[in-house]
Amino acid sequence: MEITVQWIKTSWTKESRGGEAAARRNAVPLGFSLPQVSPGFAHFVQMSERDGFEPCAGQKDLREIGVGLRDEGDRLRVLARVEPLFGLPPRLRRPPAVRLLPGQWVRWQLNYRFSSALGIRGWSYWLDTFNIAYGPADQDVFLAEPNVLIDECGPLR
């Protein structure tokens, strides 16, 4: 069965934690129209504070994305991996894997925060949004509301 993956990575520093910069960051899309993507690859979109949160798109090998995917025949098992563990904000507990039926899709979000080893550079943050569809998907599938939404975003301080 066909599996379609879109990975959106948004990164920022404390400069975008408030005001107009935070408004721009919070306005970034959670899904994009899909371009033609090679089999075995994900549509990858990166947006960062230093580029004014302008999308920069490409492809990533499915083995490079932080999501475990297992086709179980009649369902797709999806579980976002948490990496690196030291970058996590506090979370209650991880949700279980999602099992998608053909025609369904999930949006899974995880956020992270980091400080330099000596705390010299201050905090940096990123948000991973994984949009994953099981079965044939049209190019605008990720512009609609997902069948399943997993929000694992913790407080960033």
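In the set (1) touching a Gly at 6+ places or on another chain (Cβ under 6 Å); (2) not in a loop (DSSP other than H, G, I, E, B), the condition left unmet by residue 91 is number (2). Scanning segment 134-157 for residues that are surrounded by 14 or more Cβ atoms within 10 Å (Cβ to Cβ) and outside any loop (DSSP other than H, G, I, E, B) yields 134, 141, 142, 143, 148, 150, 152.
Among the residues of segment 2-25, those identified as hydrophobic (A, V, I, L, M, F, W, C) and surrounded by 13 or more Cβ atoms within 10 Å (Cβ to Cβ) are 3, 5, 7, 8, 12, 21, 22. Considering the conditions (1) at pLDDT below 95; (2) in contact with an Asp or Glu (Cβ under 8 Å, 6 or more places away or on another chain), residue 84 is excluded by exactly one of them, (2). Being part of a helix (DSSP H, G or I), out of contact with any Ser or Thr (no Cβ under 7 Å at 6 or more places or on another chain) and surrounded by fewer than 15 Cβ atoms within 10 Å (Cβ to Cβ), is that true of even one residue in segment 69-84? No, segment 69-84 contains no residue that is part of a helix (DSSP H, G or I), out of contact with any Ser or Thr (no Cβ under 7 Å at 6 or more places or on another chain) and surrounded by fewer than 15 Cβ atoms within 10 Å (Cβ to Cβ). Of everything listed in (1) part of a helix (DSSP H, G or I); (2) under 15 Å from residue 62 (Cα atoms), the single unmet condition for residue 8 is (1). The residue of segment 31-54 that is surrounded by the most Cβ atoms within 10 Å (Cβ to Cβ), among those that are within 18 Å of the chain's Cα centre (by Cα) and closer than 19 Å to residue 113 by Cα, is 47. Can you pull out every residue in segment 104-113 that is in contact with a Pro (Cβ under 8 Å, 6 or more places away or on another chain) and closer than 14 Å to residue 147 by Cα? Selection gives 105, 106, 107. Would you point out the residue of segment 30-68, among those that are of a type in the set (A, V, I, L, M), modelled with pLDDT of 95 or more and part of a loop (DSSP other than H, G, I, E, B), that is farthest from residue 152 (Cα to Cα)? So, considering only residues that are of a type in the set (A, V, I, L, M), modelled with pLDDT of 95 or more and part of a loop (DSSP other than H, G, I, E, B), the one farthest from residue 152 (Cα to Cα) is 34.
The values are calculated or read from the model by the stated rules, or taken from the named source; none is laboratory data. Since the structure is predicted, the reported quantities are computational estimates derived from the model, not experimental observations. Note that each Cβ is placed from the backbone with ideal geometry, even for glycine, and that neighbours are counted across all protein chains shown.
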